[in-house]
Amino acid sequence: MIRVGDIEIEFINDGRALLDAGGVFGLVPRVLWSRFMQADEQNRIPMDHRCLLARAGGKTIVVETGHGTKLTEKQIRNLALTRPEGDLVEGLARLGVSPEQVDLVVLTHLHADHCGGNTRLEGDRLVPTFPNAEYWVQRLEYADAAFPNERTRGTYFLGNYDPLYVTGQMRLLDGETDIVPGMRCVVTPGHTRGHQSIVFEQGGQAAIFLGDLAVLGVHFAKLAWTAAFDVEPLVTLETKRAWQRWALAREALLLFGHDPHVEVGKLVEDEGRPAVVPV
């Protein structure tokens, strides 16, 4: 468990998949990124899909919902997805939380690996996984997800979020928004135009759940390293620059959703260059 003031944070891993390293590292040459991550014979690297359980302000809050349980056998095979500890709902159960007890779900963005668990199949009908929760995402992100283009339609799937809009459970945010005291959403564009991260600040402590602002710890340290998935990579670079300054000034904890080796890190200066070290 991580504590930031009175806020309690737990990691739950919805599973580990294997992704092509070209997508994760984009234009970075293999001779450079292979110092930090080893690929298999198919050039795939492991990627976790961590979600958060936050208990704060009297609320039970889930951040991200992972791939969910609607994947076909072919999709699971293509992702090489494994879940030795079960999915998000099973992870919550181990922590004593049922889907009905979740008050709020906060999503960094609406790519399928971050929001696939928003809904589940009940027979042939899609229903909210968390029936009593409100789901939060940036309005711009929802607009882009509702009208995907040729580049984005492979990861934006209406079944993950449109049913929630119909039931009135989807709240669309317009910029930075307080969640509960000490916890807020901040817009961190680049990966998508409406991507947001989750900031925790209380009692002189600080942490940020980066989402896909930085896929791996090394991505946060190296401004020029951006994933091929980013729709606006030069915006990602400048967003990271701003949040590097924030993290250094506060000695903040960095919470990573995908890095298989670094769940929690800190940004330090190593001979004048930023580096992420595990905590």
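Being touching a strand residue (DSSP E or B) at 6+ places or on another chain (Cβ under 6 Å) and touching a residue at least 40 places away in the same chain (Cβ under 8 Å) holds for only one residue in L53, L121, L71, L92, and it is L53. You will find that of D270, D230, the residue that is of a type in the set (D, E) and either closer than 21 Å to C51 by Cβ or surrounded by 14 or more Cβ atoms within 10 Å (Cβ to Cβ) (or both) is D230 and no other. Being assigned to a helix (DSSP H, G or I) and of a type outside the set (F, W, Y), is that true of even one residue in region 167-189? Checking region 167-189: at least one residue is assigned to a helix (DSSP H, G or I) and of a type outside the set (F, W, Y).
Consider region 262-276 and keep the residues that are free of Cβ contacts under 8 Å to residues at least 60 places away in the same chain and either in contact with a Cys (Cβ under 9 Å, 6 or more places away or on another chain) or not charged (D, E, K, R) (or both). The one that is farthest from T188 (Cα to Cα) is G272.
Just one of the numbered conditions (1) among the hydrophobic types (A, V, I, L, M, F, W, C); (2) under 25 Å from L71 (Cβ atoms); (3) in contact (Cβ under 8 Å) with a residue 24 or more places away in the chain; (4) part of a helix (DSSP H, G or I) is not true of L140: (2). Filtering region 215-255 down to residues that are among the charged types (D, E, K, R) and not in a helix (DSSP H, G or I), which residue is nearest to V279 (Cα to Cα)? Looking at residues that are among the charged types (D, E, K, R) and not in a helix (DSSP H, G or I), I get E251. Among the residues of region 235-246, the one identified as free of Cβ contacts under 8 Å to residues at least 24 places away in the same chain and either among the aliphatic types (A, V, I, L, M) or crowded, with 21+ Cβ neighbours inside 10 Å (or both) is A242. In the set R184, R151, only one residue is at pLDDT below 95 and either within 19 Å of the chain's Cα centre (by Cα) or within 30 Å of R241 (Cβ to Cβ) (or both); that residue is R151.
Is it true that V97 is at pLDDT 95 or above, of a type in the set (A, V, I, L, M, F, W, C) and over 21 Å from T192 (Cβ atoms)? In short, yes. Figure legend. Inter-residue proximity from region 208-229: first residues on the phi > 0 side of the Ramachandran plot, second residues outside any loop (DSSP other than H, G, I, E, B) and at pLDDT 95 or above, beta-carbon distance below 8 Å, spacing 6+ or different chains. Indicated pairs: G211/H114; G211/Q196; G211/S197; G211/I198.
Taken as a whole, region 30-45 holds no residue that is under 30 Å from I179 (Cβ atoms) and under 22 Å from the mean Cα position of the chain (by Cα). Of all residues in region 143-166, exactly one satisfies the criterion of being small (G, A, S) and either crowded, with 17+ Cβ neighbours inside 10 Å or assigned to a strand (DSSP E or B) (or both), namely A145. Yes or no: region 189-201 includes at least one residue that is surrounded by 23 or more Cβ atoms within 10 Å (Cβ to Cβ), touching a Phe, Trp or Tyr at 6+ places or on another chain (Cβ under 7 Å) and without any contact (Cβ under 8 Å) to a residue 24 or more places away in the chain. Looking for residues that are surrounded by 23 or more Cβ atoms within 10 Å (Cβ to Cβ), touching a Phe, Trp or Tyr at 6+ places or on another chain (Cβ under 7 Å) and without any contact (Cβ under 8 Å) to a residue 24 or more places away in the chain, one finds none in region 189-201, hence no. Of a type outside the set (F, W, Y) and surrounded by 22 or more Cβ atoms within 10 Å (Cβ to Cβ): does that describe L255? Yes, satisfied.
Could you please let me know if A249 is within 30 Å of A21 (Cβ to Cβ) and either without any contact (Cβ under 8 Å) to a residue 24 or more places away in the chain or touching a strand residue (DSSP E or B) at 6+ places or on another chain (Cβ under 8 Å) (or both)? Taking the combined requirement at face value, the residue does not satisfy it.
The values are calculated or read from the model by the stated rules, or taken from the named source; none is laboratory data. Model, not experiment: these values are computed from the prediction. Cβ: placed from backbone, ideal geometry, glycine included. Neighbour counts: every protein chain shown.
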